Amino acid sequence: MIIEDLSVRFGAFTAVDGVTLPIPPGSAVGLVGESGSGKSTLARAVAGLVPYTGRIEGARRVQMVFQDPYASLDPRMTVGASIGEGLRGLGRDARRREVARLLDLVALPADLAGRYPRELSGGQRQRVAIARALGARPELLIADEITSALDVSVQGAVLNLVRTLRAELGLSMLFISHNLAVVRYVCDVIAVMREGRLVETGPAEEVVAEPRHDYTRALLAAVPRLTGERG
Amino acid sequence: MAGMTRRRGAYALRRLVRFAVALGVLMVASFAMIHLIPGDPVRASLGPAAPYELVEARRAALGLDQPLPAQFLGYVGGVLTGEFGTSFLTGERVGDVIAARLPTTLTLALAATAVALLVAVPLGMWAGVRTENGRRRGTEAAFTSVTGTAVAVPEFLYSIALVAVFAIGLGWFPPAGRAGPESYVLPVVALAIGPAAMIARMCRVETLRVLGTEYVRLARAKRLPSARLYVRHVLPGTLTATLTVCGLLLTALIAGSVIVEYVFAWPGLGQRIVESITQKDYPVAQGVILVYGVIVLTVNLLIDLALGALDPTSRLKE
Amino acid sequence: MMRTPSAWIGVSLVALMVVLAVIGPPIWGEAAERIDPGAVLQGASAAHPLGTDNLGRDLLARVLVAGRLSLALALLATLAGGLAGVVLGALPSVLPRRAARLVTATVNTLVAFPGLLLAMFIAVIAGLGARGAVLGIAAAVAPGVARLTQTLAASVAGRDYVAAARLLGVPRPLILVRHVLPNIAEPLILNLAQAMGGALLGLAGMSFLGLGVQPPAYDWGRLLFDGFSRIYVTPVVALGPAVAVALAGIGFNLLGDALARAAARTRAAGAAPAGAAPAPADPGEPDPDAVLEVRDLTVAFPGGLTPVRGVSLTLRPGEIVGLVGESGSGKSLTAAAIGGLVPYPGVVRAGALRLCGRDARTMPDRELGTALAMVFQDPMASLNPALRVGGQLAEVATVHLGASRAEAARRAVDRLGHVRIPDPERRARQHPHELSGGMRQRAVIAMGLMGTPRLIVADEPTTALDVTVQRQILTLLREVTAETGAATLFISHDIAVVGELCDRVVVMYAGRVVEELPVAELAGGAAHPYTRALVASVPGMDTDRSRPLAGIPGRPPAPGGIGPGCAFAPRCPVATSRCTAERPPLAPYAPEPGASTAHKVACWEAAA
């Protein structure tokens, strides 16, 4: 699929400005940028949640996982009902089986289906949100900062899950994060966004090893490194 | 900074336009009021026994025999020149009635607002500081139940109780009418108690909110003396909400004044509007309701403009 | 909900009103209508406790009977107004944009009008009587409900779960029914309960003015109208209806308050006494080289919660120490305790809490205010939006250092320039919202430099900032520490940031220090399984992409649910039965003799 010349305007403010970005089937494209760069707006436009100009081709079924796991599940619906909302044309038993299968896919026990979101931890909620998205059998999965609201010790497990799902299901992904290290770890392609525009796109290792744009270099230099030299 | 000034100007302009539109709608509504009365308002007012000629003469005087658009234009033109028609009952010009009584009503309402604010803001802040983070549950319970009760009792009960105790019982203040300064005491108190309780509650909640902010935490980390902390760092943060409530309150006070004026036979607009509705004196009712409406809209406009000037960050986006 | 006396009173009063409405007319109806020409216009007597009216009817009976009509009319007005309001409030979400805006604007204008005014307007049109008054009060209730419905619906419609449902192809009406309405029903019903009280008072007011219920029907307001005309002669006749109206108004209001509180209450801990912490250990002699010396620090909250349990820290001049942990590890409360900022009802106990060798808890504000600088997480929130930046800095100098206003202002500008804020004179005159996030954090640091800081406590100071700005703030913190010779305690959840900035790292888990090590050993030489897992679970720029990250199973324990052993044991891959039974002490760790002595760990399995 390809995003072509996509722009989003809010009144006089242009949040996304003529972005063209191909997402080859089965690949994970990482979108990095700082706050206000327009990366989340781009994600919402691709998902069809905000009006845009330009074209998006080849992605008919798009699903999204949101940043805040505490806001992305209806507090008054059970986990099973939330996941089951996207499963249409199934009988009751088939639906229950499918919910159980999806929960298993995200490594959650099937008996979680009867629980309410408030009984779940942040990491569990994020897994439920992923299961809900997968239930609609998406051609493209958008992950918008899905680990930034989670505890450090839980982030790794969610990232591992995303990688496993990609490998098993051959998902195409648009993975959005402010954290270059996370994007590098999960994605094949990195696209760097600044003030609504893409400033650099390329294979992940290449962008990290030999950044061509000054802004990418600045971003890379700013990434805190555990073993980094003291400046 | 230039952008800020421009945005502030645009905000004020938007508010003015909204005010103008609302004013137009209000004119239409007060004009339509007479026409929405089922049957013939003049006949309803004068009663079935009134002679036909008198009814027709009244209708002509009101312009009711003309086509609707002409009537509306006439009405708007009249209002703009201060000509609101003539009372069915007394034959006074409604414009004169308003001019004579509006100042009396406004004095009462403004005095009550001032009293309510002066009592309630310090009280609410004090209660907020005392009960921060759920300490002193007793104080909190006492404060909320006393103010909750005070809010729940309507003005007319305060008025009646004050009259019964302080005017009839103790004879300290005159029971009715407007004479010297002492005649203001009971109506002002009756009008101010409910709003004061409301502001005090709101002020406490706002104080608690501000006390929980990070900037107050930082100010505490600076070890500022408490007087400075509360007056300089906490008070300004509560102003926006207080001002917003003030707008609501002032308009509520104006409505409340209708009842208080009625009880205390206060020679204001409120006393007159009750009389005009019960007596079906439609020109007076129409004129006075329009005036009340304009007051409400003006108060809201002023509050909005004040908020815009005070707190550009949060109010300007919208 | 029934915890407070006021809730009890509210519920009882409303229940009383409902019972009265049901049984009033059948029991006292006859007495209320009985005309007695021999007892007209009487005051209080044994036969007629509240007197009689102009036809000699007993006023007490009439008050008791009038309850039904008063309540019924109020209910009718509330329901009619509520229904109209909900419809009006829901309309904008289904109407085309322009029409929706018109409805919204109309509602917004109507909300500003006091109910009584709207009610009188309707009464002019509908004529005097119960019908006009009910319509009028309904018209007064509707705009408020409409506005609330609109606000609530708009906020729910903006939630991510509604966006998710849209992506799953759930049709709009179904979203309204399934997601929006259930999530706004509770506050809406609550509001209607409160509106009911308002409607009752409004109707009473209308009747009292003679605009509502007309004879021969009567409600409390009408009885008050009749009684008021006789108040100079027999005040007692106004008493019955007045008390009835007041009780009803108070009852509904207190009930509404209690309902609102119950709805807003999160499962907060009860007011149990603070958990008994073990008596702190002997404070010992002050360490002459230490800037900050914390011994056996415990922070306890009511309900037996102790988020910080026995933390000890020592910071030396010029040293930057990182305090790492997840949310709930107690790291921020530790910082708050050092700054004396633990919120009520938290209780702080410590064997020693010394700043430059003196007890920080008894230090005068003047000294503490200049020796201790604090920086918080959100620079957008930590400056007072109502005050100019320069003034917020300057007050430290005027309050604690006795500087004149001009001197203080000059120093504020100088300090702003010192943290490399460009054009400091202009910035000092601005309000915080005119500064970027990074600049505000610089300003907060500059505030700490107004005095001569000995200790800088920075609680997640870069978490809310972009990476490029984070880099600048970290550099600034390092410079400031070097230049002032102060010690810096840097609290963060981000082990990479800590690894880059700090000299020494203290790792907290579930309220305790589990490891303390020089930063050079963090990446390769950590001894505690938690520290190791933390390091391995965060991807860095050179993490092997082909291998999964080391995850930590499970979740951090709740503050109340920690057993006698090591708090990490349930998630630990190498835990033994000893780990769950017995808590390991923080002990020096030296895998080989002669290795660094600064490394300590609390783990049975790591002991070399």
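Mind checking whether some residue in the range A:79-86 is more than 11 Å from every other protein chain (Cβ to nearest Cβ), in contact (Cβ under 8 Å) with a residue 12 or more places away in the chain, surrounded by 13 or more Cβ atoms within 10 Å (Cβ to Cβ) and in contact with a Cys (Cβ under 8 Å, 6 or more places away or on another chain)? Write out each step before concluding.
Pass one, the range A:79-86, residues more than 11 Å from every other protein chain (Cβ to nearest Cβ): A:79-80.
Imposing the further condition that a residue be in contact (Cβ under 8 Å) with a residue 12 or more places away in the chain reduces the set to A:79-80.
Subsequent filtering for residues that are surrounded by 13 or more Cβ atoms within 10 Å (Cβ to Cβ) retains A:79-80.
Within this subset, residues satisfying the condition of being in contact with a Cys (Cβ under 8 Å, 6 or more places away or on another chain) are none.
There is no residue in the range A:79-86 that is more than 11 Å from every other protein chain (Cβ to nearest Cβ), in contact (Cβ under 8 Å) with a residue 12 or more places away in the chain, surrounded by 13 or more Cβ atoms within 10 Å (Cβ to Cβ) and in contact with a Cys (Cβ under 8 Å, 6 or more places away or on another chain).
Which of the residues that make up the range B:205-225 are more than 10 Å from chain C (Cβ to nearest Cβ) and of a type outside the set (A, V, I, L, M)?
First pass over the range B:205-225, keeping only residues more than 10 Å from chain C (Cβ to nearest Cβ): B:205-209.
Passing the criteria: B:E206, B:T207, B:R209.
Are there any helices (runs of 4 or more DSSP H) wholly within the range C:158-232 with 1 or more residues that are in contact with a strand residue (DSSP E or B) (Cβ under 9 Å, 6 or more places away or on another chain), and if so which?
On the way: elements: C:160-167, C:172-175, C:181-208, C:220-228.
Of the helices (runs of 4 or more DSSP H) lying wholly inside the range C:158-232, those with at least 1 residues that are in contact with a strand residue (DSSP E or B) (Cβ under 9 Å, 6 or more places away or on another chain) span C:160-167.
Give the residue, chosen from A:L112, A:L90, that is among the hydrophobic types (A, V, I, L, M, F, W, C), in a loop (DSSP other than H, G, I, E, B), over 21 Å from the mean Cα position of the chain (by Cα) and farther than 24 Å from A:V186 by Cβ.
Values: A:L112 fails: in a loop (DSSP other than H, G, I, E, B).
After applying the criteria, what remains is A:L90.
Mind checking which residues of the range C:479-508 are within 15 Å of C:K331 (Cα to Cα) and either out of contact with any strand residue (DSSP E or B) (no Cβ under 9 Å at 6 or more places or on another chain) or aliphatic (A, V, I, L, M) (or both)?
Within the range C:479-508, C:L489, C:I491, C:I495, C:V498, C:V505, C:V506, C:V507, C:M508 meet the criteria.
In this structure, is C:R410 assigned to a helix (DSSP H, G or I), more than 13 Å from chain B (Cβ to nearest Cβ) and of a type in the set (D, E, K, R)?
Details: assigned to a helix (DSSP H, G or I): yes; more than 13 Å from chain B (Cβ to nearest Cβ): yes; of a type in the set (D, E, K, R): yes.
The answer is yes for C:R410.
Would you mind stating whether C:M439 is surrounded by fewer than 24 Cβ atoms within 10 Å (Cβ to Cβ) and either over 27 Å from the mean Cα position of the chain (by Cα) or touching a residue at least 12 places away in the same chain (Cβ under 8 Å) (or both)? I'd like the intermediate steps shown before the answer.
On the way: surrounded by fewer than 24 Cβ atoms within 10 Å (Cβ to Cβ): yes; either over 27 Å from the mean Cα position of the chain (by Cα) or touching a residue at least 12 places away in the same chain (Cβ under 8 Å) (or both): yes.
So C:M439 passes the test.
Kindly indicate which of B:A285, B:A255 is facing chain C (nearest Cβ under 10 Å), on the phi < 0 side of the Ramachandran plot, modelled with pLDDT under 85 and part of a helix (DSSP H, G or I). Give the derivation first.
Values: B:A285 fails: modelled with pLDDT under 85.
Only one candidate passes the filter, namely B:A255.
Looking at B:F19, B:F72, B:F31, can you tell me which residue is within 23 Å of C:M120 (Cα to Cα) and more than 14 Å from every other protein chain (Cβ to nearest Cβ)?
Details: B:F19 fails: more than 14 Å from every other protein chain (Cβ to nearest Cβ); B:F31 fails: more than 14 Å from every other protein chain (Cβ to nearest Cβ).
The conditions single out B:F72.
This table checks each residue for (1) touching a Ser or Thr at 6+ places or on another chain (Cβ under 7 Å); (2) facing chain B (nearest Cβ under 8 Å).
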site: C:A335; (1), (2): no, no
site: C:C356; (1), (2): no, no
site: C:R361; (1), (2): no, no
site: C:P364; (1), (2): no, no
site: C:G369; (1), (2): no, yes
site: C:M374; (1), (2): no, yes
site: C:A381; (1), (2): yes, yes
site: C:V389; (1), (2): no, no
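If I filter the range A:136-146 for residues that are in contact with a helix residue (DSSP H, G or I) (Cβ under 7 Å, 6 or more places away or on another chain) and free of Cβ contacts under 8 Å to residues at least 60 places away in the same chain, do I get at least one hit?
No.
Among B:M198, B:M202, which is the only one that is part of a helix (DSSP H, G or I), more than 8 Å from every other protein chain (Cβ to nearest Cβ) and under 22 Å from C:L247 (Cβ atoms)?
Working: B:M202 fails: under 22 Å from C:L247 (Cβ atoms).
Among B:M198, B:M202, only B:M198 is part of a helix (DSSP H, G or I), more than 8 Å from every other protein chain (Cβ to nearest Cβ) and under 22 Å from C:L247 (Cβ atoms).
Please determine whether any residue of the range B:180-187 is facing chain C (nearest Cβ under 10 Å), buried (at least 22 other Cβ atoms within 10 Å of the Cβ) and not acidic (D, E).
First, the residues of the range B:180-187 that are facing chain C (nearest Cβ under 10 Å): none.
No, every residue in the range B:180-187 fails to be facing chain C (nearest Cβ under 10 Å), buried (at least 22 other Cβ atoms within 10 Å of the Cβ) and not acidic (D, E).
I'd like to check which strands (runs of 3 or more DSSP E) are fully inside the range A:128-231 and have at least 3 residues that are buried (at least 21 other Cβ atoms within 10 Å of the Cβ) and within 12 Å of chain C (Cβ to nearest Cβ). Let's see the steps before the verdict.
Working: elements: A:140-144, A:172-177, A:189-194, A:197-203.
Per the criteria, A:140-144.
Taking C:L71 as meeting all but one of (1) assigned to a helix (DSSP H, G or I); (2) within 30 Å of B:A22 (Cβ to Cβ), write down the number of the exception.
It is condition (2) that C:L71 fails.
The values are calculated or read from the model by the stated rules, or taken from the named source; none is laboratory data. Source: prediction; values computed, not measured. Here Cβ is always computed from backbone atoms with ideal geometry, including for glycine, and neighbour counts include all displayed protein chains.
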